[in-house]
Amino acid sequence: MDDTADQDQHHGRADGTGRTDHQEDPAENPAAAEERRTRLRERRLAAYRSAERVLSRPAYLGTLRERLADLEQARDVHDLDETSDMYGSGVVEALEERTAALLGKEAAAFFPTGTMAQQVALRCWAARTGDRAVALHALAHPEVHERHAFSQVSGLRPVRVTSEPRQPTADEVRDLDESFGTLMLELPLRDAGFLLPTWQELTDVVAAARERDAVVHFDGARLWEATEHFGRPLAEIADLADSVYVSLYKSLEGLGGAVLAGPAELVAEARTWRHRYGGTVFQQFPTALSALAGLDRELPRLPSYVRHARVVAAALREGFAAAGLPWFRVHPEVPHTHEFQVWLPYDADVLAEAAVLQGEATRTLLFARPWDRGGPGLAFTEVTVRAEGLEWTADDVRSAVVGFAACLAEACART
């Protein structure tokens, strides 16, 4: 769960029901709707904080005191007697060098956000290729979650390779009827269910872009999680791309930030644009230290999270079947990362109420993230397995599904 307040905002959700402003019941008074949203979100957060069992407890949902304690534990990752960083020196440089080495790239630059890092990378490639068109998936993060930043801020032109809820194919890239200078691949594709291609599919897609004389950029916000699926180290995966962006908080539990890695000349140019975009921050040592700690502590554990997510997913399917639900889907059936989707044939607000009821009654919160509307009478949520989830056996998951089904019946009766 890298969720809750952050994910509500990320998806335009005002509450835990999955409804957005244009999905509300037209008969509901706006003030009443806002009150309902606020109340349900507060209940969900309270249920999460008091839960004794969750599948994931991300650090960023902790209190300020807990976050400061986490930072205190980072004292062993860097020399704390070193002079503090200024405009990217010191500990920030150490983070950049370590990330570049992990990804097998010549150089890397720290950015305060991934949105900025990717815009800078792609505008640099556009200047080098002479083509401002960026080929990408319709569900890619810049298309869905960045308010048209490519075109509004950087003068780039997104070209959609496909809108299908899967990774693009080599034929789609090869046969795209528009020119493009850069192909951007989101690995994994979060809004399609944290999907990854097979290794052969990925190499074929990259080769198709090369045939068109395009460069390849990986939106690798969660690339850290992909090694188990591909069966290859990070450097070998990243080697397929000309440049790679990685997040420092989505998987690594850092305080924020991102890193762009690639050829030394590109990274040098990116630093110039980082300054122009206002991203050369005076001091970033808390974020850098937390990221270095994440590389030490969380990165080695991610493969175990992925493996156990597959156990959890299988147990959820078995539990739903045993509970006699009319229809359900765990997507993908075998998770590609430690995150996946669960779809159920109920309104999002009913499912959100059921999840909260279970947490309040049992202090076990099986579904801690918001539920999002996927269609009439259909909703989905995202499930993440982290360290806390490793304690759940398959029987624990199946038992929790039984409890959730009972709460779902109660929520339906209340509606």
In the stretch 125-160, residue surrounded by the most Cβ atoms within 10 Å (Cβ to Cβ) [restricted to those that are among the small types (Gly, Ala, Ser) and in a strand (DSSP E or B)]: 135
Residue check, residue 382 acidic (Asp, Glu), at pLDDT 95 or above, surrounded by fewer than 16 Cβ atoms within 10 Å (Cβ to Cβ) and out of contact with any helix residue (DSSP H, G or I) (no Cβ under 6 Å at 6 or more places or on another chain): no
Filter result for the condition that a residue is more than 25 Å from residue 75 (Cα to Cα) and more than 22 Å from the chain's Cα centre (by Cα), over 282, 320: 320
Flag for residue 101 being open to solvent by 50 Å² or more (accessible area, probe 1.4 Å), out of contact with any Ser or Thr (no Cβ under 9 Å at 6 or more places or on another chain) and part of a helix (DSSP H, G or I): yes
Matching residues, the stretch 218-241, being within 17 Å of the chain's Cα centre (by Cα) and under 17 Å from residue 266 (Cβ atoms): 218, 219, 220
Subset of the stretch 47-60 (residues that are in contact (Cβ under 8 Å) with a residue 60 or more places away in the chain and in a helix (DSSP H, G or I)): 47, 48, 50, 59, 60
Subset tally (residues that are surrounded by 13 or more Cβ atoms within 10 Å (Cβ to Cβ) and closer than 25 Å to residue 257 by Cα) for the stretch 50-72: 11
Restricting the stretch 108-124 to residues that are open to solvent by 20 Å² or more (accessible area, probe 1.4 Å) and either outside any helix (DSSP H, G or I) or touching a residue at least 60 places away in the same chain (Cβ under 8 Å) (or both), the residue that is farthest from residue 166 (Cα to Cα): 112
Within the stretch 279-324, considering residues that are assigned to a helix (DSSP H, G or I) and of a type in the set (Phe, Trp, Tyr), the one nearest to residue 97 (Cα to Cα): 285
Residue in the stretch 220-249 that is nearest to residue 123 (Cα to Cα), counting only those that are hydroxyl-bearing (Ser, Thr, Tyr) and open to solvent by 20 Å² or more (accessible area, probe 1.4 Å): 249
Close pairs from the stretch 64-87: first farther than 15 Å from residue 284 by Cα, partner part of a loop (DSSP other than H, G, I, E, B), Cβ under 8 Å, at least 6 apart: 67/255; 70/62; 70/253
Subset of the stretch 34-45 (residues that are in contact with an Asp or Glu (Cβ under 9 Å, 6 or more places away or on another chain) and free of Cβ contacts under 8 Å to residues at least 12 places away in the same chain): 39
Answer from 334, 342, 401 - the residue that is outside any helix (DSSP H, G or I), open to solvent by less than 10 Å² (accessible area, probe 1.4 Å) and either at pLDDT 95 or above or touching a helix residue (DSSP H, G or I) at 6+ places or on another chain (Cβ under 7 Å) (or both): 342
Residue within the stretch 104-124 that is touching a Phe, Trp or Tyr at 6+ places or on another chain (Cβ under 8 Å), under 30 Å from residue 151 (Cβ atoms) and among the charged types (D, E, K, R) present: yes
Where a residue in the stretch 281-296 is under 13 Å from residue 84 (Cβ atoms) and open to solvent by 50 Å² or more (accessible area, probe 1.4 Å) and its partner, wherever it lies, is modelled with pLDDT of 95 or more and of a type in the set (D, E, K, R), with Cβ under 8 Å and at least six apart: 283/85; 285/85
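The values are calculated or read from the model by the stated rules, or taken from the named source; none is laboratory data. It should be emphasised that the depicted structure is a prediction, and the values quoted were computed from it without experimental measurement. Neighbour counts are summed over all protein chains in view; Cβ atoms, including those assigned to glycine, are modelled from backbone coordinates with ideal geometry. Just so you know, the surface numbers come from the protein's heavy atoms only, side chains and all, with ligands and any DNA or RNA stripped out. Shrake-Rupley method; radii C 1.70, N 1.55, O 1.52, S 1.80 Å.
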